[in-house]
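See structure below.
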């Protein structure tokens, strides 16, 4: 299954709302949300600022739309499906996450995790954008709990927590230049599985 890419040039024709969302997806994925202003978004999308604000009351609303699209493309369409297609064994599916990450990290346009970037950019714990990111991370945790339970883990919730920490850690490490981060995380994951009495 192909890893989604943010590097697509928005079309200058068609629905303005779709052009705005495609442009936001590309720019926010690559540069984060704080570094990209409304003027840049409108200019790259080929729309007037008034048109942008007609569809989105604020930049935060556009960031939320970006996060929804990111979750749909990456979490639901790519990660969840690719993990389940990788093996029939749940424990192997858990390790398969890091195998998928290894391919992702080696892409020339690897840009890190948009959700972690946004989480670090938004310090207000009550902000709707930060709340949306927490919801995404919880969705990932739920998937991991499900896989851990299917694998027969004695403590599925604890294993899922540890697994997600490994996932987030290796994503950041790869963004810092450690391209073998997923392979090292896989080794640590295998140790966690053995501690639960599981084999992939």
Matching residues, the range 161-178, being out of contact with any helix residue (DSSP H, G or I) (no Cβ under 9 Å at 6 or more places or on another chain) and either outside any loop (DSSP other than H, G, I, E, B) or surrounded by 17 or more Cβ atoms within 10 Å (Cβ to Cβ) (or both): 165
Long-range neighbours under 6 Å by Cβ, at least six apart or interchain, first residue farther than 14 Å from residue 149 by Cβ within the range 81-94, second surrounded by fewer than 16 Cβ atoms within 10 Å (Cβ to Cβ): 82/1
Filtered residues of the range 22-42 (kept if surrounded by fewer than 20 Cβ atoms within 10 Å (Cβ to Cβ) and under 14 Å from residue 61 (Cα atoms)): 34, 37, 38
Unmet requirement for residue 65, which otherwise passes all of (1) in a helix (DSSP H, G or I); (2) at pLDDT below 90: (2)
In the range 1-17, the residues that are at pLDDT 90 or above and out of contact with any helix residue (DSSP H, G or I) (no Cβ under 8 Å at 6 or more places or on another chain): none
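The values are calculated or read from the model by the stated rules, or taken from the named source; none is laboratory data. As the structure is a prediction and not an experimental result, all values here were calculated from the model. Because the Cβ atoms are built from the backbone with ideal geometry, glycine has one as well, and the counts that use them run over all protein chains shown.
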